[in-house]
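Data block below; observations after.
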Amino acid sequence: MPLDSRPVGRRERNKQEKLDRITAAARELFSERGVEEVTTQEIADKADIGAGTLFLYAKSKGELLLLVQNSLYADALARGRSAAENLSDPLDAVMAIVRQVVECNRKQVDNGRTYLREIVFGDPEEPHHRDALSLTVQTETAIAEVLQRNQRITSNDAATLAHIISAIMFVSMAATINRTNPTDAIVEEIKHQVRVLLAH
């Protein structure tokens, strides 16, 4: 019997159900009050599990935020890729991806800023942190693919440009000066920088 066609055992189902409850509880509480105002005990109570059990799934509140935000980020990236497919202009296509990521990050500004901090400074050995880093790589890959529509841009240059664009996006989202700025203003700031970058 092939490995992937085996039925999922009761233990695995129970683990997944607990993880789903933890994710739903953390998402709701973080969305309502922000990550800084929520305790891990509150998340455990809402998920109807013990605090000790919670830490088997995420070792810190930062990891819980990564768990929650990663799924939202993945959805945003999928929407951005889909929107970029039908746009012929490379700048417009890049910005279709960027806009979705920025909008996702700005739904709850403090959570978004904390998420970025966790990606940069978190423990890369933790699984949810690894998933977040993988999403940043996927974002750069999506941007690089769009840039390679321009036959003058080599795959190496596209990868480098995508890395720079990703850095511009991260800094713009995380910058304290942009904390109260609307999403459209941040997207325009990024677009201006990307336009200049692609012009050279």
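Values as computed for the structure displayed
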quantity: Residue identified as under 18 Å from the mean Cα position of the chain (by Cα), part of a helix (DSSP H, G or I), closer than 18 Å to H128 by Cβ and of a type in the set (S, T, Y) among S82, S71; calculated: S71
quantity: Failed condition for K191, given (1) surrounded by 13 or more Cβ atoms within 10 Å (Cβ to Cβ); (2) touching a helix residue (DSSP H, G or I) at 6+ places or on another chain (Cβ under 7 Å); (3) within 30 Å of L64 (Cβ to Cβ); calculated: (3)
quantity: Flag if L77 is touching a helix residue (DSSP H, G or I) at 6+ places or on another chain (Cβ under 9 Å), at pLDDT below 95 and part of a helix (DSSP H, G or I); calculated: no
quantity: Residue that is farthest from L72 (Cα to Cα) [pool: residues in the range 17-36 that are surrounded by fewer than 19 Cβ atoms within 10 Å (Cβ to Cβ) and among the small types (G, A, S)]; calculated: G34
quantity: Out of I153, I165, I119, sole residue that is modelled with pLDDT of 95 or more and out of contact with any Phe, Trp or Tyr (no Cβ under 6 Å at 6 or more places or on another chain); calculated: I165
quantity: Top-ranked residue of the range 128-148 - restricted to ones that are assigned to a helix (DSSP H, G or I) and without any contact (Cβ under 8 Å) to a residue 12 or more places away in the chain, ranked as most open to solvent (accessible area, probe 1.4 Å); calculated: R130
quantity: Search result, residues across the range 28-60 that are closer than 19 Å to D110 by Cα and of a type in the set (A, V, I, L, M); calculated: L29, V35, V38, I43
quantity: Subset of the range 149-188 [open to solvent by 40 Å² or more (accessible area, probe 1.4 Å), in contact with a Ser or Thr (Cβ under 9 Å, 6 or more places away or on another chain) and either among the β-branched types (V, I, T) or part of a helix (DSSP H, G or I) (or both)]; calculated: A159
quantity: Count of residues meeting criterion [open to solvent by 10 Å² or more (accessible area, probe 1.4 Å), over 15 Å from P124 (Cα atoms) and of a type in the set (G, A, S)] in the range 50-84; calculated: 8
quantity: Hits in the range 1-16 - residues which are modelled with pLDDT of 65 or more, exposed (fewer than 10 other Cβ atoms within 10 Å of the Cβ) and assigned to a helix (DSSP H, G or I); calculated: R10, R11
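The values are calculated or read from the model by the stated rules, or taken from the named source; none is laboratory data. Computed from a predicted structure; not experimentally measured. Using ideal geometry, Cβ is built from the backbone for each residue, glycine included, and neighbour counts are taken over all protein chains shown. Ligands, DNA and RNA are excluded from the accessible area calculation, which covers all protein heavy atoms including side chains. Shrake-Rupley method; radii C 1.70, N 1.55, O 1.52, S 1.80 Å.
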